[in-house]
Amino acid sequence: MGLQPYLILAACLFAIGLFGVLTRRNAIGILLGIELMLNAVNINLVAFARYAADPAGLIFTLFTISITVAEVALGLAIVILIFRVRLTVEADHLDLLKG
Amino acid sequence: MEYVTILMVFGIALLVGGAMIGLPTLLAPRRATAVKAEPFECGKDLLALPEGRFAIKFSTVAIFFIIFDIEVMLIFPWAVQVRPLGWPGYLAMLVFLGILMLGFLYMWKKGGLEWD
Amino acid sequence: MSAALVPLAPLLLVAATAGLLIVLDLLPPREGKGHLGVVALAGVVAALAGALTLWGREGRAFGGMLLLDNFAVFLDVVICYAAALVLLLSMDYLRRNGMESGEYYILVLLATLGMMLMAQAADLIVIFLALELMSLSLYVLAGLFRGRLTSAESSMKYFLLGAFATGFFVYGIALIYGATGTTALDRIAAASGGLQRDPLLLIGFGLLLVGFGFKISSVPFHMWVPDVYEGAPTSVTALIATGSKAAGFAALLRVLFSTFKVAQPDWALLLWVVAVLTMTLGNVIAIAQSNLKRMLAYSSIAHVGYMLVGVVAGGALGAGGVLFYLLMYTFTTVGAFGAILLLERGRQEAVELDDYAGLAARHPLLALTLALFLLSLVGMPPTAGFAGKFYVFGAAIRSGYIWLAVIAVLNSAVAAYYYLRVVVYMYMREAEGVPTRPAPSFAGRLALGVALWGVFQLGLMPAPVLDLAQAAVAPLLR
């Protein structure tokens, strides 16, 4: 199998994540969308690394995974913080700072 | 081929277990009433949600778990290549683990693991 | 081993101080963490001094992943100045708000470390990791005033939009890696010469620019700025406005000028449009703001537009002008936010325009200081703002971007209105109601003093620093 199917899969996954981020109103939902986008990146990296027989891409994948996890952990912590203060996780309800 | 027996054991276990759960739903009579749908609370009025309020401390522990869980992943590539990387690699991993332990110590001493 | 680490001395100093702070924070006393601030400040100042002694040296470390050149040194200095001034401002500010905690100082240092790493990165992977180290620390810092909903909300918004931008950024890196087979900046430059029109590379480069656009807050990726700047603790706002912007520009300039040099006509055209949109939108919306932190947020967007003018102009004049601008912007903006941070009305921070009415009559020195910072933002001679704008716009004219320079000058004229309005309020209005008072803080005053010194040093004698800035960009333009 060539490189192209993997790239298309990753692009689709990225688009789904992007769609999720733009349409979801729930902070957790947005976070899930961002996760999908970052995982699309991982598919890309692994496919490229395999295609070029270069381990650098695989190592980069490990870094993106760990960074992603750090982001999720932080995101959930912030969601809990908001929930404690405000008792909502809907991004729409966060309107104290209005432009 | 020697795994076939194990597979058969799994199969039979699945069959028996499945039957025990599945058959009553097929055979047993069911007449749902409003009273039956209520959660069991010794005949009293409902005090709390059936699934209960789940404590925020669970999420804190889960967040800590996921971070340290993933950090371990970064050790694997080094473990595979221990010998070619030699002492410099070992030293680098020690530094990494040292930083990780510093974070762990900070979390511990700051009360991140306190249950109550 | 130790000789190889010399190029990293500033980074290691900050990292070691952060580690030391983690240990110190666990030791008694449990209450009162003021001494941690002093240690953090000492670490940053040591890193600043270390960076200055490394001027003129070149080197690489960790298999070429990190490098040191004059460009990195210049930006390390800018970032260290920003961090040091913010730390000075923070000490009494946190105590006043009952939020003095060890983790604040640790996170400020980690954010600083991330920013400096961005300046010294020679590989897209390192840029990504540094960006995340900086961003994750800043997300937490923005939400540090836990009890305040605005703070938690700004943290949430900053996090969601920042993580979103990160998605674009790494996707871009992945595509560039796919197109060129490497993540090292110099090897990408070598490989991309042959495949200028490769769609994979072009899309990757575009996505990378989107990620950078978020971090330096250029239009159309500026939506988070006003909310985050308003809601975050003011000292953190100052750090986000200066340090994180300097770090973003550091990586952006390196990527644009040394890695994607072949595509310069293309990205210059793109950034021309972005620059015009950024400064115009920032200035126009800033006019309508009555909250000073929000106004400065939009003004900071406008200033990103001015800096992009220098990027478009290119060459030693343009890129050097951007570095000069970053330094002058750091002093001026930290100063302006610092003055706001010191003032309080009743129990509240004085952030509304009305709070500043008649300030000059009762607190002439502080009013004058704030006025001078605002005048520097306008670009009045003899302040640093004038020199910065003069160099950047001049570079645009020299490179033949006459219209861009004209639009930028017109924008500066518009901007004068909302900056001077604050000055008018301070000097020509009568105060009403509860008086606005400066909080007693020696460290805060010291920070304002240093920032004011910077503003006049750069304003009265800009040439030596500009020479340094032009020498700093020389390694990129080779």
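Every number in this text was worked out from the coordinates using simple rules, so none of it is lab data. Bear in mind that the values here come from a model prediction, so they are computed numbers and not experimental data. All Cβ positions, glycine included, derive from the backbone under ideal geometry; neighbour counts span all protein chains shown.
Each Lys or Arg adds one and each Asp or Glu subtracts one; over the other residues with Cβ under 13 Å from the Cβ of residue C:259, this totals +2. Would you please state the base-10 log of I(q)/I(0) at q = 0.07, 0.10, 0.13 1/Å for chain C, with intensities from the Debye formula using one equal scatterer on every alpha carbon? Debye curve over Cα of chain C, log10 I(q)/I(0) at q = 0.07, 0.10, 0.13 Å⁻¹: -0.32, -0.68, -1.19. Using the Cβ-Cβ distance between residue C:362 and residue B:10 with R0 set to 60 Å, the FRET efficiency from 1/(1 + (r/R0)^6) comes to roughly 0.10.
Centre-to-centre, using Cα atoms only, segment C:240-297 and segment A:1-75 are separated by 27 Å.
Here the residues C:363, C:303, ranked from fewest to most Cβ neighbours within 10 Å of their Cβ, fall in the order C:363, C:303. Take the residue pairs C:157/C:261; B:110/C:33; B:109/C:215; C:33/C:245; B:110/C:215 and return only those whose Cα atoms are more than 25 Å apart. In this structure, C:157/C:261; B:109/C:215; C:33/C:245; B:110/C:215 exceed 25 Å between Cα atoms. Compared with the rule-of-thumb size 2.2 N^0.38 Å for a compact globular protein, segment B:56-109 has a Cα radius of gyration ratio of 1.38.
As a proxy for reagent exposure, ranking C:284, B:82 by other Cβ atoms within 10 Å from fewest up yields B:82, C:284. Take the convex hull of the alpha carbons in the protein assembly as shown; its mean projected area over all directions comes to 38.4 nm².
Summed over qualifying helices (DSSP H, 4 residues or more, each -39500 (n - 2.57)) and divided by its residue number, chain C shows a 222 nm mean residue ellipticity of -25000 deg cm²/dmol. Computed from Cα positions, the angle between helix C:102-120 and the longest principal axis of chain C comes to roughly 30 degrees. Counting neighbouring beta carbons within 10 Å and listing from fewest to most, the residues C:80, A:12 come out as A:12, C:80. Using only the alpha-carbon atoms, how far is helix C:34-53 inclined from the longest principal axis of chain C? Give it as 0 to 90 degrees, nearest 10. Computed tilt is about 40 degrees. Helix C:124-142 and the longest principal axis of the Cα set of chain C meet at an angle near 10°. The calculated FRET efficiency for the pair residue B:28 and residue B:100, based on their C-beta separation and a Förster distance of 60 Å, comes to about 0.65. Checking every one of the trypsin sites (Lys or Arg not before Pro) in segment C:335-376 against DSSP loop status and a limit of 14 other Cβ atoms within 10 Å picks out C:347. How many angstrom lie between the Cα centre of segment C:94-124 and the Cα centre of segment C:168-213? Taking the Cα centre of segment C:168-213 as reference, the centre of segment C:94-124 is 29 Å away.
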